[in-house]
1. I'm trying to understand the selection: among the residues of the range 84-93, which are out of contact with any strand residue (DSSP E or B) (no Cβ under 7 Å at 6 or more places or on another chain) and without any contact (Cβ under 8 Å) to a residue 12 or more places away in the chain?
2. Identify all residues within the range 94-108 that are within 14 Å of L52 (Cβ to Cβ) and either free of Cβ contacts under 8 Å to residues at least 60 places away in the same chain or hydrophobic (A, V, I, L, M, F, W, C) (or both); write none if there are none.
3. Any idea which residue in the range 31-47 is modelled with the highest pLDDT, counting only those that are surrounded by 12 or more Cβ atoms within 10 Å (Cβ to Cβ) and either touching a helix residue (DSSP H, G or I) at 6+ places or on another chain (Cβ under 6 Å) or hydroxyl-bearing (S, T, Y) (or both)?
4. Take the conditions at pLDDT 90 or above and either closer than 18 Å to W123 by Cβ or among the hydroxyl-bearing types (S, T, Y) (or both) and apply them to L17. Does it pass?
5. Of the conditions (1) outside any loop (DSSP other than H, G, I, E, B); (2) more than 21 Å from R3 (Cα to Cα); (3) free of Cβ contacts under 8 Å to residues at least 24 places away in the same chain, R18 clears all except one; give me its number.
6. Search the range 86-118 for residues being closer than 25 Å to R39 by Cα and of a type in the set (G, A, S), and hand back the single one that is surrounded by the most Cβ atoms within 10 Å (Cβ to Cβ).
7. From the list A71, A59, A64, A83, exactly one residue is exposed (fewer than 13 other Cβ atoms within 10 Å of the Cβ), modelled with pLDDT under 95, more than 13 Å from the chain's Cα centre (by Cα) and of a type in the set (A, V, I, L, M, F, W, C). Which is it?
8. Based on this model, can you work out whether T77 counts as under 16 Å from L38 (Cα atoms), out of contact with any Ser or Thr (no Cβ under 8 Å at 6 or more places or on another chain) and at pLDDT 90 or above?
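The values are calculated or read from the model by the stated rules, or taken from the named source; none is laboratory data. The structure presented is a predicted model; accordingly, all values stated were derived computationally and were not measured. Don't worry about glycine lacking a Cβ; one is built from the backbone with ideal geometry, like all the others, and counts go over all protein chains shown.
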Amino acid sequence: MKRIYVIEDDINERVNLRLVLSGLPVQVIFDTWGYDTLRQMQDHAPLDLILLDISTDRAADQYASIRAVEAFRDTPTAALSQAATLDIIDCCRTYGLVGLLLKPVDAGLADAITRLLNGESLW
C-alpha cells in the first residue's frame, strides 16, 4: 500500500483530502507544521508522496515550506496552494516538486494524486 504524508493546517481541507483519498488504496498520514514535523516524516518513512501546503500559518512563506522538506528530496512532493501564480509555479519547479494541486480540494484531485503515485509529473 502506498503512503502519502500530508502537511495541511486547514481543517476543512484536511477533511476534503480525507474524503478524496479514502477512495484510493493508500495510507494517509496527516500533519500540520510543527517543531517535530520532519522527525514525524522520518518515523513514517518510506513515503511514496508528500502533499505540502505551501501557505500554512506556521511556515514563513512557500519557499521556507519547500526548503523544509528538502531532506526528502527522493520522495515526490507536490504543493497544495490556493493560488497558482507564476512565482509559486517557478518556486515549485525550481525546488523539484512534481506538481501544484489547487485548493479547495475536490474529487478531481484523486486522478492527479493517482498520476503522481504512478511516477508522473503534473507539469
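1. Step one: of the range 84-93, the residues out of contact with any strand residue (DSSP E or B) (no Cβ under 7 Å at 6 or more places or on another chain) are 85-87, 90-91, 93.
Scanning the range 84-93 gives T85, L86, D87, D90.
2. Passing the criteria: Y95, G96, L97, V98, G99, L100, L101, L102, V105.
3. That would be D31.
4. Details: at pLDDT 90 or above: yes; either closer than 18 Å to W123 by Cβ or among the hydroxyl-bearing types (S, T, Y) (or both): no.
For L17, the condition - at pLDDT 90 or above and either closer than 18 Å to W123 by Cβ or among the hydroxyl-bearing types (S, T, Y) (or both) - is not met.
5. (2)
6. Ranking the qualifying residues of the range 86-118, first place goes to G99.
7. One residue alone meets the criteria, A71.
8. So T77 passes the test.
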